[in-house]
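**Student:** Below you'll find the structure I mean.
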Amino acid sequence: MGFLSLILRVFKIKPTWKGTPEMFLAMVLDMQRRNNPVYSLSEVLQWGEVLQKVIKVQFKPFRDFPDLLQRGMPDYSLVEKVGGRLEELHQRQELKKAIYGEKTDLGDDDVMTSNSEGAVFARKMVKDLSKYVDFPENQ
């Protein structure tokens, strides 16, 4: 199972978070850290708000994201699993390039060109998020 298949299992057809609220918290904290290594409460709250615009999240037993942030304990199990999958994907891409050259067709390992269900979902998620977040071109 690839990274994108794993992501698809976390979300239903209409992007609804299927993990725990604590897993969502960990994802938000990880995204904020990747964006800015210095912890920022306001950025964490912004990331939480933006992600809720494109993903439906049930926060029970918490009232909302700020309550989750204040009282919840992040569960990084999903973040770690996804990070491992991303590392595997990156290693496969690098191996293909080393063997066949920099301009080789990466097939389903290229999220930007693959027609796999996971790749299409990932591109749609980025497109939806781009309404609220400016993504740098080179990252």
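Residues checked against (1) more than 24 Å from K124 (Cβ to Cβ); (2) free of Cβ contacts under 8 Å to residues at least 60 places away in the same chain:
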| residue | (1), (2) |
| --- | --- |
| M27 | no, yes |
| D30 | no, yes |
| N36 | yes, yes |
| S42 | yes, yes |
| W47 | no, yes |
| V54 | no, no |
| D64 | yes, yes |
| A98 | yes, yes |
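**Student:** Return the only residue of G101, G83, G2 being small (G, A, S), modelled with pLDDT under 85, under 30 Å from N115 (Cα atoms) and within 12 Å of the chain's Cα centre (by Cα).
**Tutor:** Answer to the selection: G83.
**Student:** Another question, if that's okay. Name every residue in segment 37-68 that is in contact with a strand residue (DSSP E or B) (Cβ under 6 Å, 6 or more places away or on another chain) and surrounded by fewer than 17 Cβ atoms within 10 Å (Cβ to Cβ), in order of residue number.
**Tutor:** K56
**Student:** Let me ask something additional. Please give the number of the condition K14 fails out of (1) buried (at least 16 other Cβ atoms within 10 Å of the Cβ); (2) at pLDDT below 90; (3) not in a helix (DSSP H, G or I).
**Tutor:** If we test K14 against (1) buried (at least 16 other Cβ atoms within 10 Å of the Cβ); (2) at pLDDT below 90; (3) not in a helix (DSSP H, G or I), just (1) comes out false.
**Student:** Can you name every residue in segment 41-80 that is part of a loop (DSSP other than H, G, I, E, B) and among the acidic types (D, E)?
**Tutor:** D64, D75 - these are the residues of segment 41-80 that are part of a loop (DSSP other than H, G, I, E, B) and among the acidic types (D, E).
The values are calculated or read from the model by the stated rules, or taken from the named source; none is laboratory data. Because the structure is a prediction, the values reported are computed rather than measured. All Cβ positions, even for glycine, are placed from backbone atoms using ideal geometry, and neighbour counts span all protein chains on display.
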